[in-house]
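Each remark here refers to the structure printed beneath this line.
The values are calculated or read from the model by the stated rules, or taken from the named source; none is laboratory data. Quick caveat: nothing in here was measured; it's all calculated off a predicted structure. Positions of Cβ are generated from backbone atoms using ideal geometry, with glycine treated the same way; all protein chains shown enter the neighbour counts.
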Amino acid sequence: MFIGHYGLGYVVKKKAPELPLWLLFASVQLLDLVAFTFVLFGIEKASYNPSDNPFFRNQLDLPFSHSLLGAIIISLIVFIIFWIKDKKRWAWILGLCVLSHWFIDLIVHINDLPILFGKYKVGLGLWNFPYLTYAIEILFVLIGWLLVRKRNVFSYVLLFLMIASFSGMIFSDEPEIMKHNDYLRTSVVLISNGLFILLAYLSDRKLKNE
Ligand SMILES: [Zn+2]
């Protein structure tokens, strides 16, 4: 799943408003952020794969960031960091947000999510129905966004950019220059996710100062 994870970030923000939205966003998407970073360092792989189905355009080999065991370890690291800082409620919430990513990905991925570092790959395959997946992701983000009532200019820009970039990805093929360059295409996704988190941070800050 791509932007759909952020929908959960919004839902948790509604239930636990004391947590900053940017931190929730970074948590629900942390496994992807780790994956993109690992791809840049050559530890994992995400290459372009020609397909009519936009969700199959990524040939993924993510044995660490997207294995169930890897997800549990990364969630535990986040849990421990906040537990030590004596933010026990945050530790539980953020740790579970990180772990949620794997289970949400499980619904959409097609047999490329390993259980144990590269072994026993699973995926329920919602990506076989690209328009349904697209609609669910958009709906999830929209519902989450609508739930969090306090808004400002950054919230609107954030929603627009998430939907626009995701729609661009679904309804158009990648530029030729990106198809052959894993580093470039990974950097673009990493930067766009970084931008979403930055906008969430700016929105949090503006609301705090109001
Ligand atoms: Zn993922």
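Here is a check on your reading of the model: is residue 43 touching a residue at least 12 places away in the same chain (Cβ under 8 Å), within 16 Å of the ligand (Cβ to nearest atom) and more than 28 Å from residue 147 (Cβ to Cβ)? Spell out the reasoning first.
Values: touching a residue at least 12 places away in the same chain (Cβ under 8 Å): yes; within 16 Å of the ligand (Cβ to nearest atom): yes; more than 28 Å from residue 147 (Cβ to Cβ): yes.
It is true that residue 43 is touching a residue at least 12 places away in the same chain (Cβ under 8 Å), within 16 Å of the ligand (Cβ to nearest atom) and more than 28 Å from residue 147 (Cβ to Cβ).
Given the residues 127, 145, which is the only one that is aromatic (Phe, Trp, Tyr) and either more than 16 Å from the ligand (Cβ to nearest atom) or surrounded by fewer than 15 Cβ atoms within 10 Å (Cβ to Cβ) (or both)? Exactly one of 127, 145 is aromatic (Phe, Trp, Tyr) and either more than 16 Å from the ligand (Cβ to nearest atom) or surrounded by fewer than 15 Cβ atoms within 10 Å (Cβ to Cβ) (or both), namely 145.
Would you point out the residue of region 77-94, among those that are of a type in the set (A, V, I, L, M, F, W, C) and exposed (fewer than 15 other Cβ atoms within 10 Å of the Cβ), that is nearest to the ligand (Cβ to nearest atom)? For region 77-94, the residue satisfying everything is 77. Per the conditions (1) more than 23 Å from residue 200 (Cβ to Cβ); (2) part of a helix (DSSP H, G or I); (3) within 14 Å of the ligand (Cβ to nearest atom), the sole criterion not satisfied by residue 97 is (1).
Tell me yes or no: at least one residue of region 50-61 is more than 26 Å from residue 201 (Cα to Cα), touching a Ser or Thr at 6+ places or on another chain (Cβ under 9 Å) and assigned to a loop (DSSP other than H, G, I, E, B). Yes, the conditions are met somewhere in region 50-61.
For region 115-147, what are the residues that are charged (D, E, K, R) and either farther than 14 Å from residue 105 by Cα or without any contact (Cβ under 8 Å) to a residue 24 or more places away in the chain (or both)?
From region 115-147, those charged (D, E, K, R) are 119, 121, 137; that's our starting set.
Scanning region 115-147 gives 119, 121.
If we scan region 117-128, do we find a residue that is among the polar types (S, T, N, Q) and assigned to a helix (DSSP H, G or I)? So far as region 117-128 goes, yes, one or more of its residues are among the polar types (S, T, N, Q) and assigned to a helix (DSSP H, G or I). Screening residue 17 on (1) farther than 21 Å from residue 205 by Cβ; (2) in a loop (DSSP other than H, G, I, E, B) shows it passes everything except condition (1). Consider residue 66 carefully, then state whether it is within 16 Å of the ligand (Cβ to nearest atom), crowded, with 23+ Cβ neighbours inside 10 Å and not in a helix (DSSP H, G or I). Criteria met by residue 66.
Checking each residue in region 1-40 for being of a type in the set (Asp, Glu) and within 16 Å of the ligand (Cβ to nearest atom) picks out only 32. Do the conditions hold for residue 10, that is, is it modelled with pLDDT of 95 or more and closer than 25 Å to residue 173 by Cα? Spelling it out, it is not the case that residue 10 is modelled with pLDDT of 95 or more and closer than 25 Å to residue 173 by Cα.
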